[in-house]
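**Q** To start, I am sharing the structure in question, which I have written as structure tokens.
What follows draws every value from the coordinates through simple rules; no lab data is involved. In this text the structure is predicted, and so the values were computed from the model without any measurement. Positions of Cβ are backbone-derived with ideal geometry, glycine not excepted, and every protein chain shown enters the neighbour counts.
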Amino acid sequence: MRFRGTVAYVGTFFHGWQIQDNAARTVQAVVEAALSRILDVPTRAHAAGRTDAGVHADGQVVHFDGETLVPADALLHSVNARLPWDVKFLSLGPAVPSFHARADARAKRYVYRFSREPVIAPREALFWAPLSRGADASRMDRASRRIVGEHDFLGFSTSGTPTKTTVRRVDRCEIREDGARITIAITADGFLRGMARAIAGTLAAIGRGRVAEDLVDEIFAGNDKSLVPAKAKPRGLTLEEVFYETLET
């Protein structure tokens, strides 16, 4: 039987989603250990996307195969009881046998959170990245519109992840200002490694007035990674939602 679940986690104390030989604590490793104990067989969990170390998720989607007579609601409770505080299944149930968390995903939305507050409260410090008090959200908003559309995002990517093409379609790149806080919500048909943080870092540098708004166009024109300012810190980034076409179970 194939199962589909939505997973949320605080990425601060994980070395990203994917299992790694040199990193014992990854989200995938912890989730698979819990599932394997419940199902009593080694179980592989496949995610919609691989978040980097320190990146959070509110709506990561996974699928896995297994056999159990435990009802879905009881299975959700049993798995969560075996997971640590910083990762939990929000939902879990049967899926059609063909469902694939990554291949069936049509789009993802990442949200980056900046704070211009002089002090970020400790209970929020894991999720908000500091930004200069003088950063101009209107400059960031104008520059963000240049991100929207189908582009080659090679310049905004980190080397090391094989992919057939570095072209992605960004449907939305929205800047929201709420007092001293600025969020960037990016919805795209896919993300290259480091792409969301590179975009956030570039928009932040534009907001601070350190680079011109048309830097985005220059990066696209030359696919030049050297033009990209420092990537934003991982703690401000959250995979908020993965979008699918409706699939009947």
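**Q** Would you order Ile199, Ile38, Ile186 from fewest to most other beta-carbon atoms within 10 Å of each residue's own beta-carbon?
**A** By the 10 Å Cβ count, ascending: Ile38, Ile186, Ile199.
**Q** If I model the stretch 2-103 as equal point scatterers sitting on the Cα atoms and use the Debye formula, what is log10 I(q)/I(0) at q = 0.21 Å⁻¹?
**A** Taking Cα atoms of the stretch 2-103 as identical point scatterers yields -1.09.
**Q** Let me ask something additional. For the stretch 81-121 and the stretch 171-249, write down the distance between their C-alpha centroids in whole Å.
**A** 18
**Q** Here is a follow-up. So what J values fall out for the stretch 37-53 if you push phi through Karplus, 6.51 cos²θ - 1.76 cosθ + 1.60 with θ = phi - 60°, rounded to Hz, Gly and Pro as x?
**A** These are the phi-based 3J(HN,Hα) values: 5, 5, 8, 6, 8, x, 10, 9, 9, 9, 9, 5, x, 9, 6, 7, 4 Hz.
**Q** Which lysines have a Cα less than 27 Å from the Cα of Lys88, not counting those fewer than 8 places away in the same chain?
**A** Result set, ordered by chain and number: Lys108, Lys233.
**Q** Ok, one more. Let me make sure I get this right: for the stretch 110-249, a, b and c are the square roots of the gyration tensor eigenvalues over alpha carbons, sorted descending. Under 1.5 in a/c it's rounded, otherwise prolate if a/b > b/c, else oblate. Which is it? Walk me through the numbers on the way to the answer.
**A** Values: a/c = 1.75, a/b = 1.20, b/c = 1.45.
Verdict is oblate for the stretch 110-249.
**Q** Right, something else. What would the Debye formula give as log10 I(q)/I(0) at q = 0.23, 0.28 Å⁻¹ for the alpha-carbon point model of the stretch 183-249, no solvent?
**A** -1.07, -1.39
**Q** Answer rounded, prolate or oblate for the stretch 85-180, using the Cα gyration tensor with square roots of eigenvalues a ≥ b ≥ c: rounded when a/c is under 1.5, else prolate when a/b is larger than b/c, else oblate.
**A** Working: a/c = 2.28, a/b = 1.30, b/c = 1.75.
Oblate.
**Q** Now for a different question. Mind sorting out which of (i) 19.0, 59; (ii) 16.8, 48; (iii) 23.0, 76 is the real Rg and Dmax of the Cα atoms in Å computed from the coordinates?
**A** Computed from these coordinates, Rg and Dmax of the Cα atoms in Å corresponds to label (i).
**Q** Where does each of Ser132, Ser115 land when they are ranked from fewest to most other beta-carbon atoms within 10 angstrom? Walk me through the intermediate numbers first.
**A** Details: Ser132 13, Ser115 22.
Going from least to most buried by this count: Ser132, Ser115.
**Q** Tell me, Trp85, Trp17, Trp128 in order of fewest to most beta-carbon neighbours within 10 Å? The partial results should precede the final answer.
**A** Working: Trp85 8, Trp17 27, Trp128 19.
By the 10 Å Cβ count, ascending: Trp85, Trp128, Trp17.
**Q** Place the peptides 218-224, 187-193 in order of packing, highest mean first, counting for every residue the other Cβ atoms within 10 Å and averaging per peptide.
**A** Details: 218-224: 15.4, 187-193: 19.7.
Per-residue mean Cβ counts within 10 Å order the peptides as 187-193, 218-224.
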